[in-house]
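*Asks:* Encoded as structure tokens, here's the structure I'll be asking about.
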Amino acid sequence: MSFRSLLLFAALPVLAAQPSVLAMMPVAAPTGAFVLDRAPDLDKGITAFVAQASNGQRDHIARRLKEVDPLYKRVEISSTADAVTLTFDGRAPLVLPLNGQEVAWTREGGEVIRVSARPSMSGLLQTYKAADGERTNEFILLPDGRLILSVQVHVAGLAKDLSYKVVYKAAK
């Protein structure tokens, strides 16, 4: 048994006596293959979101969001103790360390952005950082096998963020 395992094992009686401590511990990253079940009308949401920008910026921001913020039809997630692998719509897998360390990743259009992942209280938190904004995905696996993707997009210079949820069901 490793020293780390031994410490965790020794702490179990203390943690069991403190249910609030257990509730604050991150859960395991969701795993599996999932297909789109339900999603909001993203075009309508983007249009409403960019209304807060100046007239000269609205078209540019809307085009950019539609380019970098697609509704994926299929999501695959696998993980080890140290890393998570995410595959969206059969594209090249994105492998990220689970310690929150940022990794340089090149999008299909050639743009290099920073991506990180770490366990969250309800699943897996993934963050994309670009020069003009940031997108955070939280993947939450429900007991019935559905995967909730909670998205928050921050655009530099805008006061409010774009937030929405997408529901996936287990792929057959």
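The values are calculated or read from the model by the stated rules, or taken from the named source; none is laboratory data. What you are looking at is a predicted structure, and each value in this text was computed from that prediction instead of being measured. Virtual Cβ from ideal backbone geometry, glycine too; neighbours counted across all protein chains shown. The area values use the complete protein model at the heavy-atom level, side chains included, leaving out ligands, DNA and RNA. Shrake-Rupley method; radii C 1.70, N 1.55, O 1.52, S 1.80 Å.
*Asks:* Between Asp132 and Asp82, what length in nm is gained on full extension when 0.36 nm per residue of separation is reduced by their alpha carbon distance?
*Replies:* 15.1 nm
*Asks:* Another question, if that's okay. At a Förster radius of 25 Å, what calculated FRET efficiency corresponds to the Cβ-Cβ distance of Arg38 and Gln101, to the nearest 0.05?
*Replies:* That gives a FRET efficiency of 0.15.
*Asks:* Starting from the 7 Å offset along Cα-to-Cβ, what nm value, one decimal, do you get for the label separation of Asp89 and Ala171?
*Replies:* 1.4
*Asks:* Once you place label points 7 Å from the Cα toward the Cβ at Arg114 and Leu71, how far apart are they in nm?
*Replies:* Computed distance between label sites Arg114 and Leu71 equals 3.2 nm.
*Asks:* Convex hull over the Cα atoms of segment 119-169, averaged projected area in nm²? Spell out each step's value before the answer.
*Replies:* Numbers: hull surface 15.6 nm².
For segment 119-169, averaging the hull's shadow over all directions gives 3.9 nm².
*Asks:* Report the per residue volume, in Å³, of the convex hull enclosing the C-alpha atoms of segment 40-171.
*Replies:* Looking at segment 40-171, the number lands at 117 Å³ per residue.
*Asks:* Can you send over the carbon and sulfur percentage of the accessible area for segment 33-97, probe radius 1.4 Å, protein chains only?
*Replies:* 51
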